[in-house]
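Novice: Just dropping this structure here.
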Amino acid sequence: MNLQEILKEVKNPLIMGHQNADPDAVCAMIAFAQLYKTITPEGTYSLVTDDRSRLSKQILKNFAPKAEIHNKSEDTHDFFVLLDTNSRFQLGSGLQDILTNPSKTLVIDHHELNPEIDEIAEHQILNSDKSSTCEIIVDVYNDTGIDIDRDTANLLLTGMIFDTRRFFYADSNTLSAAIKLIEAGADYERCVRSLLIRPDRSERIARLKAAGRVKVHLIGDWIVAISKIKAFEASACRGLIDIGADVAIVGGSPKDDVVRLSSRSTRDFFEHTGINLGTDVMDPLGAIIDGAGGGHANAAGANGKKDLEKALLKSLEIIRSAVESKTKTEERESAV
Ligand SMILES: [Mn+2]
């Protein structure tokens, strides 16, 4: 595909990212818009995503204060560009019906291949080995021979830093792309700083209160932290894990007849005990609080109406008996 030849003919593309767009998505969108403007200066593009994350908004303020990203698209467009997603569904309910002409659609993405991709877009730049869409955009710039300006370099590097978790997931291609961006004028420290975000004040207060009221239970080798607050239970759980718990269970009751439970555990806890917070803990607790529960092995929750105290006690009981029976099995096995 000769991207330049295609984009030269395009007069008003719609550049889209996935819903609640993360930094990789918004940075890739603006960098792509810049590439398009360089190829077709007389064209007018629009940017659209079904909302942006709080962090993305902070980055835009920092590096692209003039960029206008809309939540909806009402105009007609002669070309569609999908960034950091390869599925209609991920665009959100208001945007998923826009893509009707595969010959007028380009997808640039690094997620696992969507088997229906050919029905969405004839033009595809897909690479699930890349750890960010922004890294793919660096290659796209290279292939077209267009220089990356400083603002774009900052955006692309920020998107890469976000999706790689500050280069926790990176290979030599990722690092060379980062070097290219720094050579193009990106300021690494400024990019890293732009990604630092503090939770809202009320959320931080909730976390601190959860820590202040915590009851610590030692079960086998594990530290189980239980606490209660009004709201922000999930954030409070993450806070308790950060300060040393292996398992955190936080109950919340924002109103009299509302009971919520949230839980988190370390990967280590799940790998060693096999205790799945979703199926083993929150699912049965859902019945106790007259509601429902579920989730993942390391992160789960339940919503209901009553008996928060009873549910918290039960959660300890479940974890204790699971840890004890696991220990007994191991003792038996090592005796054999
Ligand atoms: Mn991404």
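The values are calculated or read from the model by the stated rules, or taken from the named source; none is laboratory data. Computed from a predicted model, the values in this text were never measured in an experiment. Note: ideal-geometry Cβ built from the backbone for every residue, glycine included; neighbour counts use all protein chains shown. Heads up: the accessible areas ignore ligands, DNA and RNA and are worked out on the full protein's heavy atoms, side chains in. Shrake-Rupley method; radii C 1.70, N 1.55, O 1.52, S 1.80 Å.
Novice: List the aspartates and glutamates whose Cα lies under 14 Å from the Cα of residue 72, skipping any in the same chain that are fewer than 8 positions away.
Specialist: Residue 72 reaches 50, 51, 97.
Novice: While we're looking at this one, here's another question. Let me spell out the model: positive unit charges on the Cβ of Lys and Arg, negative unit charges on the Cβ of Asp and Glu, origin at the Cα centre of the chain. What dipole size does that give, in debye rounded to 20?
Specialist: 1960
Novice: Let me ask you something else. Given a cut-off of 23 Å, name the pairs among 66/130; 215/314; 230/314 whose C-alpha atoms lie farther apart than that in the structure shown.
Specialist: Pairs exceeding the cut-off: 66/130.
Novice: I would also like to ask the following. What is the spin-label model distance, in nm, from residue 256 to residue 54 if the labels are put 7 Å beyond Cα along the C-beta direction?
Specialist: 3.1
Novice: Let me have the relative contact order for the chain, percent, based on Cα pairs under 8 Å that are six or more residues apart.
Specialist: 11
Novice: For the chain, what does the equivalent ellipsoid look like in terms of its semi-axes, each the square root of 5 times an eigenvalue of the Cα gyration tensor, given largest first in whole Å?
Specialist: 45, 21, 20
Novice: Now for a separate question. Based solely on C-alpha atoms, express the radius of gyration and the Dmax of region 180-256 in angstrom.
Specialist: Both quantities, over Cα of region 180-256: 17.6, 58 Å.
Novice: Using a 1.4 angstrom probe on the protein heavy atoms only, could you order 100, 164 from most to least accessible area?
Specialist: Highest to lowest solvent-accessible surface, that is 100, 164.
Novice: Using the membrane-span-like helix rule (whole DSSP H runs, Cα extent along the own axis of at least 30 Å, mean Kyte-Doolittle hydropathy at least -1.0), which helices of the chain qualify?
Specialist: 308-335
Novice: Restricting attention to region 64-131, which GluC sites (Glu not before Pro) occupy a DSSP loop and are surrounded by at most 11 other Cβ atoms within 10 Å?
Specialist: 68, 74, 112, 116
Novice: Normalised by the number of residues in region 3-194, what is the relative contact order in percent for Cα pairs under 8 Å and 6+ residues apart?
Specialist: RCO, region 3-194: 22 percent.
Novice: Still on this model: Restricting to the chain, what percent of DSSP beta bridges are antiparallel, rounded to 5?
Specialist: Of all bridge pairs located within the chain, approximately 45 percent are antiparallel.
Novice: What do the square roots of 5 times the Cα gyration tensor eigenvalues come to for region 3-194, in whole Å, largest first, as semi-axes of the equivalent ellipsoid?
Specialist: Value: 24, 17, 17 Å, ordered largest first.
Novice: Here is a follow-up. With the contact rule set at Cα under 8 Å and sequence spacing of 6 or more, what percent relative contact order holds for region 190-282?
Specialist: With pairs under 8 Å counted, the relative contact order is 20 percent.
Novice: Let me know the charge dipole size of region 203-335 about its Cα centre in debye, to the nearest 20, where only the beta-carbon of Lys, Arg (+1) and Asp, Glu (-1) is charged.
Specialist: 620
Novice: Find the eigenvalues of the gyration tensor of the Cα atoms of region 203-335, then list the square roots of 5 times those eigenvalues as equivalent ellipsoid semi-axes, largest first, in whole angstrom.
Specialist: Semi-axes from the Cα gyration tensor: 25, 16, 11 Å.
Novice: How do the peptides 229-235, 286-292, 124-130, 37-43 rank, highest first, by the average count of neighbouring beta carbon atoms within 10 Å per residue?
Specialist: The packing order, highest mean first, is 229-235, 286-292, 124-130, 37-43.
Novice: Measuring with a 1.4 Å probe in the full set of protein chains, what accessible area per residue, in whole Å², belongs to the chain?
Specialist: Normalised by residue count, the accessible surface of the chain is 51 Å².
Novice: Considering the dipole of the chain built from charges on the beta carbon (Lys and Arg +1, Asp and Glu -1) around the Cα centre, which of 270, 35, 188 is farthest to its positive end?
Specialist: 270
Novice: Positive end of the charge dipole of region 1-159 (Lys, Arg +1 and Asp, Glu -1 on Cβ, about the Cα centre): tell me which of 44, 113, 1 has its Cα farthest that way.
Specialist: Projecting each Cα onto the dipole axis, the largest value belongs to 44.
Novice: Okay, next question. Counting helices only, and only those DSSP H runs with n ≥ 4, report the 222 nm mean residue ellipticity of the chain as the sum of -39,500 (n - 2.57) divided by its residues, in deg cm²/dmol to the nearest 500.
Specialist: Mean residue ellipticity, 222 nm, calculated: -13000 deg cm²/dmol.
Novice: I'd like the carbon and sulfur percentage of the solvent accessible area for the chain, probe radius 1.4 Å, heavy atoms only, ligands and nucleic acids excluded.
Specialist: 48
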